[in-house]
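Read-outs throughout are calculated quantities, based only on the coordinates presented, and are distinct from any laboratory measurement. Only a predicted model underlies this, so the values are computations on that prediction, with no experimental measurement involved. Using ideal geometry, Cβ is built from the backbone for each residue, glycine included, and neighbour counts are taken over all protein chains shown.
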2 protein chains.
Amino acid sequence: MKLYFEDISVGMTFESDKYPPLSATQIVEFASDFDPQPFHLDPLEAKETFFGGLAASGWHTAAITMRLMVQTIPVAGGLVGAGADVTWPAAVRPGDVLRIVVTVESVRRSSSNPSRGFVGALIETLNQDDVVVQRSRVRMLAFSKEQN
Amino acid sequence: MKLYFEDISVGMTFESDKYPPLSATQIVEFASDFDPQPFHLDPLEAKETFFGGLAASGWHTAAITMRLMVQTIPVAGGLVGAGADVTWPAAVRPGDVLRIVVTVESVRRSSSNPSRGFVGALIETLNQDDVVVQRSRVRMLAFSKEQN
């Protein structure tokens, strides 16, 4: 079943399955490509840094969160983000098992194009101890059933 | 040269080198891992979607932007983000050559821990036609010279 604009309402929640345990190798590979800093690349050097040990790039956590969104929320026409406000309250460490809890906070039909609307959602990304490692508010497009 | 908290002031700007042309293969590989949706995965299927053709995941653009930040801004102790507000005004397409222009918008010493402070910056990610494909406001830590 696909969700159209009309199917989405404030207060709806979605919970993802668990992402497989994040390995140190995955953390280092992502960082090598996109965030090559000692605390994301080398467990020993990371000890001497702000993080006190190897931690995933926040953008890696954001990317995993997107992966879980795609698996979890069957929006018709796909998940198209207009923007996101992201914070990282806690570090993601090797072995962490991430999942997301999504809460719809706003729903508004577009005034310029009524065949679509905007959905605001809070996405909390949690680790295996229920610590929030990323909190994001996203603005997504949703497409109207009428026009499809 | 490394930049400490005291070295950073409102109005400073930084410009990155160009990221190598983004290939369709890179777009599809990132999306396969983190954002597996037709408009990021398959040039033919993408034609029938909102994007009208293959486009990079916004989180791929965000990750490339981070890579350019690391190459461009030599903050002492590393670039540690507290949060980011990201929008994607235009799609990133195969062959696009991205670069960033960073402007420091705020600098504030931490009241609870004066050995560090917070730097707010606007990051515009531009393509080869100077179109802004991502606009982000980030909040980063900066460490004081005094304590280092």
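Annotation: for a label point projected 7 angstrom from Cα along Cα→Cβ of residue B:9, residues of segment B:85-112 with backbone N closer than 18 Å are B:103-109.
Helix A:24-34 and the long axis of chain A differ in direction by around 70°, with both axes built from C-alpha atoms.
Segment B:77-148 and segment B:1-76 have Cα centres separated by 13 Å. Across peptide A:73-85, the mean count of Cβ atoms from other chains lying within 10 Å of each residue's own Cβ comes to 5.
Place a point 7 Å from Cα of residue B:24 in the direction of its Cβ. Which residues in segment B:80-95 have their backbone N less than 17 Å from it? Inside the label zone: B:92-95. Shortest first, residue B:24 label-point distances to identical copies amount to 4.0 nm, with the label point at 7 Å from Cα along Cα→Cβ. As a proxy for reagent exposure, A:111, A:136 were ordered by neighbouring Cβ count within 10 angstrom, fewest first; the result is A:111, A:136.
Length gained on full extension, residue A:76 to residue A:122: 14.6 nm, using 0.36 nm per residue less the C-alpha separation.
Which pairs break 31 Å Cα to Cα here: A:2/B:47; B:18/B:47; A:2/B:18; A:145/B:47? In this structure, A:2/B:18 lie more than 31 Å apart at Cα.
Which FRET efficiency value, to the nearest 0.05, do you get for residue B:2 and residue B:131 by plugging their Cβ-Cβ distance into 1/(1 + (r/R0)^6) with R0 = 30 Å?
0.35
So what's the angle, to the nearest 10 degrees on a 0 to 90 scale, between helix B:58-72 and the longest Cα principal axis of chain B? So the inclination is approximately 40 degrees.
For the rotation that carries chain B onto chain A, the axis lies closest to a Cβ at B:85, 2, where the number is the distance in whole Å.
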